[in-house]
Every structure is written in structure tokens, then in C-alpha cells.
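The values are calculated or read from the model by the stated rules, or taken from the named source; none is laboratory data. Because the structure is a prediction, the values reported are computed rather than measured. Neighbour counts run over all protein chains shown; Cβ positions are idealised from the backbone, glycine included. We work out accessible area using only protein heavy atoms, side chains counted, and drop any ligands, DNA or RNA first. Shrake-Rupley method; radii C 1.70, N 1.55, O 1.52, S 1.80 Å.
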Amino acid sequence: MKVARQTTLRDHTALSGVGVHSGLPVTLTFHPADAGAGIRFIRTHVEGLEDREIPADMSAVTATEFATVLGDASGPLVSTAEHVLAALSGLGVDNAVVEIDGPEAPIMDGSAAPFVAAIDLAGIETLDQPRRHIKVLKPVRVALGDAFGEIRPNARGFRVEAEVQFDHPLIGRQSLAIDVKPETFRRDIARARTFGFMRDVTTLWNAGYALGASLENTLVVSDNRILNPEGTRFPDEFVRHKVLDAIGDLALAGGPLLGTYRSVRGGHKLNHAVLCALMSDASAWTWVDGPVLRPARGHGDMAGRLSPAFGPDVS
């Protein structure tokens, strides 16, 4: 059986923008890394302090309310890391250094597409070392109020199933199920943008969030319409973004997953809770050298309408 090999970037590449919550300017640079290094973040240009480096690992998560925040004992290092992680994971990049000179990853257009474009510009290189997968051996389930998440075995690869339901004229119940591979991530997930409700803007601003949000980087929903002049990129762009966030959050497992993740009314907090529950149960997973998996014949099953994801994960 042919064994999959680890990957990294061929070259360096950088993007600049603002943080969706902080509103601060930031430049993010992707660098190649050696086999076995994994994904690591380096925070630079902190006045009076040396550069800080942390692995992209679930143990580095310090907050999950409005975004996934990574840090260490010294405090937060990078906020809103999920879109960057989703792009790397979705394209199958195992090893990279992500250098960032501000407290939050740039939101860009609100999706992972600009990070995908940057990775494409740098190129992806195959390394000599085999890729190791985290194989899920038994179902693990977590409930948070009326939300629940579950990860179960799937020898064929990594699959995400998401379902949301909201009492809103543009929303209701919708679901999406997709086998996550570079081609399906590019086509069906990467361009889905973060979003929020116009009615929540003042509350978010008063709490110090969404200071950099605009119609250029956020899909905004009023009581009865979408405010962005161009409308949606997909009829179900909102649930697709929920899947994008889940891919990024689960990339913090420390290796690509062989499993199916199901999320009902979930978000960052639930994604992290399920991942922690899985990894804390030594009988629920094991490391395996990853085979080269055949592409699935069907890439996704979709139903329903719209759902919000730009708010606390209590929804």
C-alpha cells in the first residue's frame, strides 16, 4: 500500500489586512518547515518582548467565544486562527511556520480563500517522511446545552457534517456534509465568509469585538435581508462557513484526522470540547501512517437555507 508523505510550503508568502475583532493592521507570513515540525505560530513585533512561538495544538487554545485564540502562560498570542488553520489543513499542508506581527490574524475577505491563494503562490512540496494520521477508534460525543458534537471512526478520511437551526426568516434548519479533500475544500468551503447580525453590532462593539468588521469582510444579515450588495457566494454560505471553522478548529488535533465530525448547533467552543474529549481518551484514537486515500465519488450533501456563525458559540 502506498503511504502518503508529509508536505510543506515551497517558499515564503505574506498577506496584510486587519483583525476582524481588534481592527488592527497585521501582516501574516507563511514559511516552509521541516518534516515533523507541524504548524507553528510566531508572534513578532511585541514592544519590549522577544518573539513568541507556540505549536498549533489544542493545548494552546485560550478562548473560543467569538474566535479560536491561541496562547501560552504569557497570555494570548494569536486570535482568529481558524481560517488560517482551515486553509493549511484543507489543502493538506502538514508543516509550516505562520509568522504574525499583530494580535489577530487578518480577516481578509472573511473566508479562507485569500490564505488558499497565498499557499498556492508559495507552492506545496512533498517531503520524505510519511504522513501520520490520528485514527478515530470509537465515537466520542459532547453536549453543550442544546448543541452537541460527535466524532466517530471513518477509515476513508476526514468528513464534516454540520447542522444548524435558528428562528429567523432567512435561516431555519440547514445541513451540510462533505468529505474534506483539497479539491472539495477549494471548491465548496474556502470561499464561505464569516457572518453576523446587524442587530448584534452595537453589543459586539461595546464588548470590544468586531471593531474591524465591515461589508468587505463579513456577510451581514438584517431582520429580513442580506446587506452585502453582492449577496451570498453560495445559497448556503453560512453553514459552509460553519464547516470551514470546524476544519480549522479540528486542525489543532496535531495531525490529520481519520474520522467523521458531526456538529449540531455548534461553534468554536463545541469543536474544541469534542477534540479535547477525543484526545483525552487514549482508547478512542491511535496514530497510523496514512495511506494515499482514493477520492470519494460524491463530495457533499446539502440541504436547508441559512445560519449565523459570527457570534458566541452558545447558538
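The table below lists the values:
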{"quantity": "Top of 195, 158, 185 by mean-square fluctuation, Gaussian network on the chain, Cα under 10 Å", "calculated": "158"}
{"quantity": "Most to least packed among 255-268, 124-137 [average Cβ atoms within 10 Å]", "calculated": "255-268, 124-137"}
{"quantity": "Within the chain: Cβ-based charge dipole about Cα centre, in debye rounded to nearest 20 (Lys, Arg +1; Asp, Glu -1)", "calculated": "1280 debye"}
{"quantity": "Signed unit charges on C-beta, dipole axis of region 1-87, positive-most listed residue 39, 26, 64", "calculated": "39"}
{"quantity": "Local net charge near residue 24, Cβ-Cβ under 12 Å (Lys/Arg +1, Asp/Glu -1)", "calculated": "-2"}
{"quantity": "Percent of alpha-carbon pairs separated by more than 24 Å within region 130-278", "calculated": "37 percent"}
{"quantity": "Local electrostatic count at residue 220 - Lys and Arg +1, Asp and Glu -1, tallied over other residues with Cβ under 11 Å", "calculated": "+1"}
{"quantity": "Residue-normalised accessible area of the chain, expressed per residue, 1.4 Å probe, Å²", "calculated": "43 Å²"}
{"quantity": "Kirkwood estimate for the chain, i.e. one over the average of 1/r between Cα atoms, Å", "calculated": "19.4 Å"}
{"quantity": "Extension gain from residue 63 to residue 167, taking 0.36 nm per residue of separation minus the Cα-Cα distance", "calculated": "34.7 nm"}
